[in-house]
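Take a look at the structure below.
The values are calculated or read from the model by the stated rules, or taken from the named source; none is laboratory data. Note that the structure is a prediction, hence the values are computed from the model and not measured. No Cβ is skipped: glycine too gets one built from the backbone with ideal geometry, and neighbour counts run over all protein chains shown.
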Amino acid sequence: MKVLHSYGIYLFFFSLIFAFFGEQNAGPSVPVTKQVESPWFLGAELALSLPKYKILDTRSSISRLKNKIPGAAVISWEDLARTDAPHKGELLELKLVRKTINDLGLKQDENILVLGDGESGWGEEGRIVWSLREVGFKQVYWIDGGYPAYEKQIRKKINPKTENISSNSNLKVTKDLISAAVFKDDILKGLSTKKYQILDTREPREFSGATPYGESRGGHIPGAKSFFYQELFDAKGNVKSKAEVELYLKGLGIQKEKPIAAYCTGGVRSAFVVGILRTYGYNAYNYAGSMWEWSSDPKLPLETGN
């Protein structure tokens, strides 16, 4: 009996030690993606073959004036973001975002195609898709290649209502959306243990310390890798293939299984990157506050240089 009692004590203390170290090495506070998500972007041909859809135009005002799209609802990513310092760039409250989208005549159970400027833009379409998915819109996608790809497909005179998406695609809608957001405190707490692989999606000059877009201080979050979002476009302005993106990330030392936190200045370019990475199976999250928020707090660490 004494032997069994001693064994029980040892087992008890062993379990405590295991629990302690398990907690110390636990993953991030954001959930780990287990399910396969529906894609965040679609090629123009596939997008326009949807039986029913509505277009959300997030292109620049000049682009919209030059090439109007009848019936499209117009929105800017800023319409769904906070403007008050130091929270500039963060997503508005869920109910406010939903109201803004509903006021445009769009519903959560509809297919929504977001049209951006593509390679010539800043990834606004990715930010809009991220914003809508965060508040429960499951069937929202941006059109890969932006307006040029859309216009080319329209010229082919494809009638989107004559084809059934189930007959020409394996596109499936995610049953339960998983948040793709990460916050300042999550990143800060994870710096010492390197819980996140951090991607700085801004220009290399910004990564090195330049502040062309209103950051309070220059530099990058410690441990971040420079991953300019434009690296994701091919020569035709379309998103690079999964194999190409995986090869590039592997060269940076990014692991597919480990959580990724992406940021930029105000969470626009990084949202675009997150949408692509999640479509390709990475466990990526967007830090919407990004450098506008991080740099405004002098207590938060920043590194300069390459």
**OP:** Evaluate the following for residue 216: is it under 20 Å from residue 301 (Cβ atoms), among the hydroxyl-bearing types (Ser, Thr, Tyr) and more than 17 Å from the chain's Cα centre (by Cα)?
**Re:** yes
Original post:
Looking at region 209-306, what helices (runs of 4 or more DSSP H) fall wholly within it and have at least 1 residues that are in contact (Cβ under 8 Å) with a residue 60 or more places away in the chain and out of contact with any strand residue (DSSP E or B) (no Cβ under 6 Å at 6 or more places or on another chain)?
Top reply: 269-279, 290-294
Original post:
Any residue in region 181-193 that is free of Cβ contacts under 8 Å to residues at least 60 places away in the same chain, within 18 Å of residue 254 (Cα to Cα) and outside any loop (DSSP other than H, G, I, E, B)?
Top reply: no
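Please work out which residue is surrounded by the most Cβ atoms within 10 Å (Cβ to Cβ), limiting yourself to region 50-106 and to residues that are small (Gly, Ala, Ser) and out of contact with any Leu (no Cβ under 9 Å at 6 or more places or on another chain).
Here the residue is 89.
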Original post:
Which condition breaks for residue 166 when tested against (1) among the small types (Gly, Ala, Ser); (2) at pLDDT 95 or above; (3) assigned to a helix (DSSP H, G or I)?
Top reply: (2)
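A quick yes/no check of all residues on (1) crowded, with 17+ Cβ neighbours inside 10 Å; (2) aromatic (Phe, Trp, Tyr):
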residue: 236; (1), (2): no, no
residue: 253; (1), (2): no, no
residue: 257; (1), (2): no, no
residue: 262; (1), (2): yes, no
residue: 274; (1), (2): yes, no
residue: 277; (1), (2): yes, no
residue: 282; (1), (2): yes, yes
residue: 287; (1), (2): yes, yes
residue: 294; (1), (2): yes, yes
**OP:** For residue 301, indicate whether it is in the same structural domain as residue 211 (by TED's automatic domain parsing), in contact with a Pro (Cβ under 6 Å, 6 or more places away or on another chain) and either surrounded by fewer than 24 Cβ atoms within 10 Å (Cβ to Cβ) or among the acidic types (Asp, Glu) (or both).
**Re:** no
Subject >> Per-region count, region 121-134, residues touching a residue at least 60 places away in the same chain (Cβ under 8 Å) and assigned to a helix (DSSP H, G or I) >> reply: 9
**OP:** Identify the single condition in (1) among the small types (Gly, Ala, Ser); (2) touching a residue at least 60 places away in the same chain (Cβ under 8 Å); (3) not in a helix (DSSP H, G or I) that residue 149 does not satisfy, given that it satisfies every other one.
**Re:** (3)
